[in-house]
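Colleague: Before I ask anything, let me first share the structure, which is written out below as structure tokens.
The values are calculated or read from the model by the stated rules, or taken from the named source; none is laboratory data. These numbers come from a predicted model, not from an experiment. Neighbour counts are summed over all protein chains in view; Cβ atoms, including those assigned to glycine, are modelled from backbone coordinates with ideal geometry. Ligands, DNA and RNA are stripped out before the accessible areas are found, and what is left, the full protein with its side chains, is counted by its heavy atoms. Shrake-Rupley method; radii C 1.70, N 1.55, O 1.52, S 1.80 Å.
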Amino acid sequence: MGAGFGGLAAALRARSKGYDVTIFEKGQQLGGRARVFNRGGFKHDAGPTVITAPWLLEELFQLFGKNIKDYVELRKLDLWYRFIYPDGSSFDYTRDIQKTLTQIQSLSPVDVQGYQNLLNDSEKIFKIGFDQLSAKPFHNLFFMLRQVPAMIRLKAHRTVWQFVASHLKHEKLRQAFSIQPLLVGGNPFNTTSIYSLIHFLERKWGICFPMGGTGSLVAALGKLAVEEGISIKLHAEIKNIKAANKQVIAIETQKGEVVPCDILISNGDPKVTYTMINNNNYSKNWKVKFREKYSKYSMALFVLFFGTKKQYANIAHHTIWFGKRYKELLSEIFHGKKLPDDFSLYIHRPTATDPSFAPKDCDSFYVLSPVPNLKADIDWKVQGAEYASKIIDSLNDTILPNLKENIVESFFMTPEDFKKDYMSEHGAGFSIAPVFYQSAWFRYHNKAEGIKNLYLVGAGTHPGAGLPGVLCSAKVVDSIL
Ligand SMILES: Cc1cc2nc3c(=O)[nH]c(=O)nc-3n(C[C@H](O)[C@H](O)[C@H](O)COP(=O)(O)OP(=O)(O)OC[C@H]3O[C@@H](n4cnc5c(N)ncnc54)[C@H](O)[C@@H]3O)c2cc1C
């Protein structure tokens with residue numbers, strides 16, 4: 001159920017084990033949050049754009065003796081991120097470590113060694129947090145308890161910010177190297193430092209871009225699925241999971257079709273999945289009830305898509321544009337009840353790498369602003385358009401001069417769209433937040449509680465959101481099928 005990256009990966013893994021697999025996807029396309037928009041000659045990936053841990057994708061093709069290279073080109077980028085600060089200065093984070101070190105040297109010489117120490121510590125976290133644990137099931141509390149000494153050694157109780165600040169002195173570098181949890185829905189000021197393993201992951205395997213966009217990666221997985229005999233049903237929302245004697249026996253779609261099944265793998269939001277069992281008429285065990293009641297959801301996202309009639313050649317493929325406030329702004333986004341007046345932005349300009357995203361001499365952009373989720377008091381029907389104008393004004397006055405005269409085909413997604421389109425609880429961008437007390441055993445388990453043949457993959461389950469996370473959740477399911 002569901003064809004996000006987690007659902008697609010789980011479907012392929014189940015197929016490789018010999019199951020007859022049918023994918024039921026509510027939307028009109030595969031990919032979930034990674035769907036694609038095409039407007040007036042401009043193409044936009046709707047979601048993930050920073051592709052790390054490419055081997056997790058390669059593995060899915062290898063399951064069938066195939067090579068991902070025959071389906072899609074994963075191009076390694078030289079410039080990973082350009083960080084732009086409110087004073088107009090910038091910092092380039094690059095594949096060539098010497099270039100990164102030279103930039104650090106010119107900003108803060110003492111941090112050159114600090115960055116190398118940060119990478120060393122990040123590798124130590126990676127070796128345990130990713131290599132040993134990310135694809136392991138965390139259903140058993142005793143298994144979790146056995147990991148406690150390693151977690152204490154790695155100081156997992158520290159936040160990402162504390163980890164980064166212990167290595168780097170300069171505020172601009174601290175900001176640049178602490179934003180990574182935002183890509184998986186976490187506030188760097190309370191996300192466990194285990195997520196600092198991302199630094200080593202990026203350094204060792206780089207940041208890739210699938211030529212043609214993330215949509216072409218989804219299309220490659222879809223092609224593989226069809227070749228291997230997986231049946232795909234689009235526009236097929238599952239409304240009810242029929243269970244009897246603690247087993248799923250069938251699913252029922254919104255069109256009233258009832259399809260019997262031996263096992264069900266859900267890529268939907270875990271809370272929503274549990275409420276669909278016998279139309280929410282199932283006695284949930286205490287763990288489900290506890291998570292349902294107390295889970296803290298990630299922030300939401302406002303995503304503005306547009307084309308430009310000219311090219312902005314000086315804008316990098318991945319740009320982070322920092323506003324004046326950092327910690328305070330994040331606190332308002334994660335804990336506030338209203339839309340902050342200011343913002344920090346991630347700007348995606350795929351035309352920097354791949355001209356196929358826009359007509360000749362034009363650019364395609366998406367601009368992402370983390371915002372409070374639907375628990376806050378924001379009327380997006382009113383505030384959405386105002387917020388979009390504010391972002392356009394700010395970019396027009398800073399890094400995208402004359403944007404207002406050149407912008408075409410603009411539209412946006414608010415947290416309301418995330419709720420409606422992806423059935424995302426509270427319109428969250430990344431399901432439940434990646435805080436320590438919602439990780440591993442404390443996160444939704446990949447095997448459902450109290451239902452023998454129901455499995456869960458995707459951002460709300462262990463190990464968590466982001467492509468590497470959801471692809472690993474499919475590996476966990478694979479290991480327990
Ligand atoms: C704007 C944005 C940018 C991001 N950038 C990055 C990035 O650069 N790098 C990165 O690694 N990660 C990034 N992420 C995070 C990453 O995209 C997600 O964590 C990941 O794609 C989620 O995958 P998933 O398997 O949980 O499924 P989802 O993508 O959430 O898909 C779930 C699917 O299940 C379907 N579904 C749900 N309920 C039902 C039902 N009842 N019946 C049928 N179908 C159902 C939904 O329609 C949906 O298609 C980004 C996310 C967003 C939103």
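Colleague: As a check on your grasp of the helix formula, calculate [θ] at 222 nm for the chain: sum -39500 (n - 2.57) over DSSP H runs of n ≥ 4, divide by the residue count, round to the nearest 500.
Modeller: Details: 17 runs with 164 residues, N = 481.
About -10000 deg cm²/dmol.
Colleague: Does anyone have the angle between helix 467-480 and the longest principal axis of the chain? Alpha-carbon axes, 0 to 90°, nearest 10?
Modeller: So the inclination is approximately 20 degrees.
Colleague: Continuing with the same structure: Tell me, what is the 1.4 Å probe accessible area of THR351, in Å² to the nearest 10?
Modeller: Approximately 20 Å² of THR351 is accessible to the 1.4 Å probe.
Colleague: Rank LYS271, LYS239 by accessible area, highest first, at a 1.4 Å probe radius?
Modeller: The most accessible residue leads, giving LYS239, LYS271.
Colleague: I would also like to ask the following. Which of the aspartates and glutamates could be linked to LYS360 by a straight reach, that is with a Cα gap under 16 Å, when you skip same-chain ones fewer than 8 residues away?
Modeller: The reachable aspartates and glutamates, counting only those whose Cα sits under 16 Å from LYS360, are GLU409.
Colleague: Compute the helix-to-body angle for 5-16: its Cα long axis versus the longest principal axis of the chain, expressed 0 to 90° and rounded to tens.
Modeller: 40 degrees
Colleague: In Å and on Cα atoms, what radius of gyration and Dmax does region 307-390 show?
Modeller: So, for region 307-390, Rg and Dmax equal 15.2, 43 Å respectively.
Colleague: Going by amide H atoms built from the backbone, whose H comes under 5 Å of the H on ALA250, apart from near neighbours?
Modeller: Correct list: LYS242, CYS261.
Colleague: Grab the beta carbon distance between ASP377 and HIS157, set R0 = 35 Å, and tell me the FRET efficiency rounded to 0.05.
Modeller: In this case the efficiency is close to 0.60.
Colleague: Considering only protein heavy atoms and a probe of 1.4 Å, how much of the accessible area of the chain is carbon and sulfur, as a whole percent?
Modeller: 52 percent
Colleague: If you don't mind, there's one more thing I want to ask. Lysines near LYS99 by alpha-carbon distance under 23 Å, same-chain residues fewer than 8 away left out - which ones?
Modeller: By straight Cα distance, LYS99 reaches LYS76, LYS169, LYS172, LYS204.
Colleague: Now for a separate question. Can you give me the solvent accessible area of SER89 with a 1.4 Å probe, rounded to the nearest 10 Å²?
Modeller: Ignoring ligands and nucleic acids, SER89 comes out at about 40 Å².
Colleague: What order do you get for 205-216, 390-401 when each peptide is scored by the mean count of other beta carbon atoms within 10 Å, highest first? Don't skip to the end; give the middle numbers.
Modeller: Details: 205-216: 20.3, 390-401: 17.1.
By packing density, highest mean first, the sequence is 205-216, 390-401.
Colleague: Ok, one more. In debye, nearest 20: dipole of the chain around its Cα centre with unit charges on the Cβ of K, R (+) and D, E (-)?
Modeller: The dipole of the chain has a size of about 1300 debye.
Colleague: Among the lysines in region 285-358, how many pairs, 8 or more places apart or on different chains, have alpha carbons under 30 Å apart?
Modeller: Here the count comes out as 17.
Colleague: Quote the convex hull volume per residue of the chain, based on C-alpha atoms, as a whole number of Å³.
Modeller: 138 Å³
Colleague: Taking the chain as the reference, fit the longest principal axis to its C-alpha atoms, fit the long axis of helix 380-397 to the helix C-alpha atoms, and give the angle between the two in degrees, 0 to 90, nearest 10.
Modeller: So the helix axis and the longest Cα principal axis differ by about 30 degrees.
Colleague: Then there is this: List, in order, the whole-Hz ³J(HN,Hα) value for each residue of region 183-197 obtained from phi through the Karplus relation with A = 6.51, B = -1.76, C = 1.60 and θ = phi - 60°; use x for Gly and Pro.
Modeller: Each residue's phi maps through the Karplus curve to give 6, 10, x, x, 7, x, 7, 9, 7, 4, 5, 4, 5, 6, 4 Hz.
Colleague: Using a 1.4 angstrom probe and counting only protein chains, how large is the accessible area of LYS233 in Å², to 10?
Modeller: 80 Å²
Colleague: Considering only the chain, what is the antiparallel percent among its DSSP beta bridges, to the nearest 5?
Modeller: The antiparallel proportion sits near 80 percent.
Colleague: Within straight cross-link reach of LYS26, meaning Cα distance under 15 Å, which aspartates and glutamates are found once same-chain residues fewer than 8 apart are removed?
Modeller: Partners within reach: GLU237, GLU252, GLU257, ASP269, ASP417, ASP421.
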